[in-house]
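Have a look at the structure below, then the notes.
The values are calculated or read from the model by the stated rules, or taken from the named source; none is laboratory data. In this text, all values refer to a predicted model and were calculated from it rather than measured experimentally. Here Cβ is always computed from backbone atoms with ideal geometry, including for glycine, and neighbour counts include all displayed protein chains.
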Amino acid sequence: MNMRATASPLAAELKAHTGRFTDKEFDWNAFPSNAGFPDLARAQMRYVGAGGSPKVGDTSTLKADNFTVSLIYKEPGKYAACHSHEIEESFLIIDGALIVGWERDGEVCEVNLGPKDMILNAREIGHGFRVDGVEPVLMSISVDVGKPLPPVYHYHPKEHAPELARAFGAKPGETIKFDPAGDHPLQKLMAQYVIRHVDQPTIWEDAGFSRKVYVGEGGLGHDTCRKEMWGVPSRVGIKGFVRDVEDAFLVLEGSLTVGWEDNGETVEVELGPRDLVKTPAGRKHWIRNDGAGAATVWHVIGSSKGDDVVYEAA
């Protein structure tokens, strides 16, 4: 059903839960602590909640329950100062290559992430990121709580030498490179939180689509939210299902139709690249790919607990 052809309350609700990339703008002033430091410049596009930004009054973003979703754009040569949160925060790389550093007691371990790789930044661990490549980075950041506390900065250039801040606190020549088989405590810790897209097994559902589990059973096991990468071939769809928590579909490639049902009424909306739909807990919903090409979709679920959803082909 074309949403523009109906004015039903359900259609209006679905539209209100849809974040269109073309309706949004990147905010270059989302992080006041970066003001006056050009090397820290980055832009945020908010979809669900405010993420790590203090701009909680943004009416263009969807209300956050158990997680936030935003896009971050970072240009070559720029970095984010080392900081920590009280909750997990994931970085999913969409375009470009990003260096993420973890700091503890003045020691820093760095990992290089490429497209579709993810790191789940651990609670209370200092972390920052830097773009050393030749192309900008676009990534999706999810903080696994609706309203995170302000970040705690460890090595900000307003208090430390720029060279030290850019290296997240590591002295020259003392950065530890990420090695999942390494013996250093930071290497061992980081290895538990890094997901390489190519290393995750592809799960083919009987309904005809694929899943790669990033956070949850089969991926990183943590107690906040589940996160998966779905591949939906052309002309594949799944029947409606219900969760007791909210979930969100963010299209990375291709197109995806998301449908809702309530009291026998059905409405649908088609998403393009970087469009998102957040479905509230208890709402029956489904997906379908009417496009000519496959769709790649980032799926965030507001609980770490497994559910009884059995995906069935439409």
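Among Pro9, Pro76, which is the only one that is assigned by TED's automatic domain parsing to the domain that holds Ala122, surrounded by fewer than 21 Cβ atoms within 10 Å (Cβ to Cβ) and modelled with pLDDT of 95 or more? First the steps, then the outcome.
Details: Pro9 fails: assigned by TED's automatic domain parsing to the domain that holds Ala122.
Result of the check over Pro9, Pro76: Pro76.
Could you tell me how many of the residues in segment 95-139 are in a loop (DSSP other than H, G, I, E, B), under 17 Å from the mean Cα position of the chain (by Cα), of a type in the set (A, V, I, L, M) and more than 19 Å from Tyr155 (Cα to Cα)?
Qualifying residue count, segment 95-139: 1.
Just to verify a result, which residue in segment 152-172, among those that are of a type in the set (D, E, K, R) and outside any loop (DSSP other than H, G, I, E, B), is surrounded by the fewest Cβ atoms within 10 Å (Cβ to Cβ)?
Of all residues in segment 152-172, those of a type in the set (D, E, K, R) come to 158-159, 163, 166, 171.
This time we only want the ones that are outside any loop (DSSP other than H, G, I, E, B), so: 163, 166.
Values: Glu163: 11, Arg166: 23.
My answer is Glu163.
Go through segment 1-94 and tell me which strands (runs of 3 or more DSSP E), entirely inside it, have 3 or more residues that are of a type in the set (S, T, N, Q). Break it down into steps so the answer makes sense when it comes.
Working: elements: 43-48, 69-74, 79-84.
No strands (runs of 3 or more DSSP E) qualify here.
I'd like the full set of residues that are touching a Lys or Arg at 6+ places or on another chain (Cβ under 6 Å) and either small (Gly, Ala, Ser) or buried (at least 18 other Cβ atoms within 10 Å of the Cβ) (or both), limited to segment 261-280. Lay out the reasoning, then the answer.
Of segment 261-280, the ones touching a Lys or Arg at 6+ places or on another chain (Cβ under 6 Å) are 261, 275.
Result: Asp275, single match.
Quick one: in segment 227-245, of everything that is assigned to a strand (DSSP E or B) and of a type in the set (D, E, K, R), which residue is surrounded by the most Cβ atoms within 10 Å (Cβ to Cβ)?
Of all residues in segment 227-245, those assigned to a strand (DSSP E or B) come to 227-232, 237-241.
Retained after the next criterion (residues that are of a type in the set (D, E, K, R)): 227-228, 239.
On the way: Lys227: 26, Glu228: 21, Lys239: 14.
By that ranking, first place goes to Lys227.
Can you name every residue in segment 46-62 that is at pLDDT below 95 and either of a type in the set (Ser, Thr, Tyr) or surrounded by fewer than 19 Cβ atoms within 10 Å (Cβ to Cβ) (or both)?
Correct list: Ser53, Pro54, Lys55, Val56, Gly57, Asp58, Thr59, Ser60.
Restricting to segment 275-300, name every residue that is more than 12 Å from Phe241 (Cβ to Cβ), among the basic types (Lys, Arg) and either free of Cβ contacts under 8 Å to residues at least 60 places away in the same chain or in contact with a Pro (Cβ under 7 Å, 6 or more places away or on another chain) (or both).
Selection gives Arg288 alone.
Residues that are modelled with pLDDT of 95 or more and of a type in the set (S, T, N, Q): does segment 212-231 have at least one?
Among the residues of segment 212-231, not one is modelled with pLDDT of 95 or more and of a type in the set (S, T, N, Q), which makes the answer no.
Determine which single condition Phe209 fails, assuming it passes every other condition in (1) outside the structural domain of Asp105 (by TED's automatic domain parsing); (2) surrounded by fewer than 20 Cβ atoms within 10 Å (Cβ to Cβ); (3) among the hydrophobic types (A, V, I, L, M, F, W, C).
(2)
Give segment 185-243 a look and list any residue that's among the basic types (Lys, Arg) and closer than 22 Å to Ala281 by Cα, or say none. Write out each step before concluding.
Keep residues of segment 185-243 that are among the basic types (Lys, Arg), which gives 188, 196, 211-212, 226-227, 235, 239, 243.
Once the filter is applied, which keeps residues that are among the basic types (Lys, Arg) and closer than 22 Å to Ala281 by Cα, segment 185-243 yields Arg211, Arg226, Lys227, Lys239, Arg243.
Of the conditions (1) part of a strand (DSSP E or B); (2) touching a residue at least 24 places away in the same chain (Cβ under 8 Å); (3) among the aliphatic types (A, V, I, L, M), Ala207 fails just one. Which one is it?
Checking Ala207 against (1) part of a strand (DSSP E or B); (2) touching a residue at least 24 places away in the same chain (Cβ under 8 Å); (3) among the aliphatic types (A, V, I, L, M), the one that fails is (1).
When you scan segment 281-309, how many residues do you find that are modelled with pLDDT of 95 or more, surrounded by fewer than 21 Cβ atoms within 10 Å (Cβ to Cβ) and of a type in the set (A, V, I, L, M)?
The number of residues fulfilling the criteria is 3.
When you scan segment 249-263, do you find a residue that is assigned to a loop (DSSP other than H, G, I, E, B) and under 26 Å from Ser90 (Cβ atoms), even just one?
Let us first name the residues in segment 249-263 that are assigned to a loop (DSSP other than H, G, I, E, B), namely 254-255, 263.
If we keep only those that are under 26 Å from Ser90 (Cβ atoms) too, we end up with 254-255.
Scanning segment 249-263 turns up at least one residue that is assigned to a loop (DSSP other than H, G, I, E, B) and under 26 Å from Ser90 (Cβ atoms).
So that you can scan it fast, the table gives a plain yes or no per residue for (1) β-branched (Val, Ile, Thr); (2) within 19 Å of Leu71 (Cα to Cα):
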site	(1), (2)
Val232	yes, no
Arg243	no, no
Ala248	no, yes
Ser255	no, yes
Asn263	no, no
Leu271	no, yes
Asp275	no, yes
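Return a yes/no flag: does segment 185-195 have any residue that is of a type in the set (D, E, K, R), in a strand (DSSP E or B) and either outside the structural domain of Arg46 (by TED's automatic domain parsing) or surrounded by fewer than 19 Cβ atoms within 10 Å (Cβ to Cβ) (or both). First the steps, then the outcome.
If we filter segment 185-195 for residues that are of a type in the set (D, E, K, R), which is where we start, we get 188.
When the remaining residues are screened for being in a strand (DSSP E or B), the result is none.
The answer is no, given that none of the residues of segment 185-195 is of a type in the set (D, E, K, R), in a strand (DSSP E or B) and either outside the structural domain of Arg46 (by TED's automatic domain parsing) or surrounded by fewer than 19 Cβ atoms within 10 Å (Cβ to Cβ) (or both).
So if I check each of Leu120, Leu149, which one is touching a residue at least 60 places away in the same chain (Cβ under 8 Å) and surrounded by fewer than 18 Cβ atoms within 10 Å (Cβ to Cβ)? Quick ask: steps written out before the conclusion?
Details: Leu120 fails: surrounded by fewer than 18 Cβ atoms within 10 Å (Cβ to Cβ).
Residue meeting the stated conditions: Leu149.
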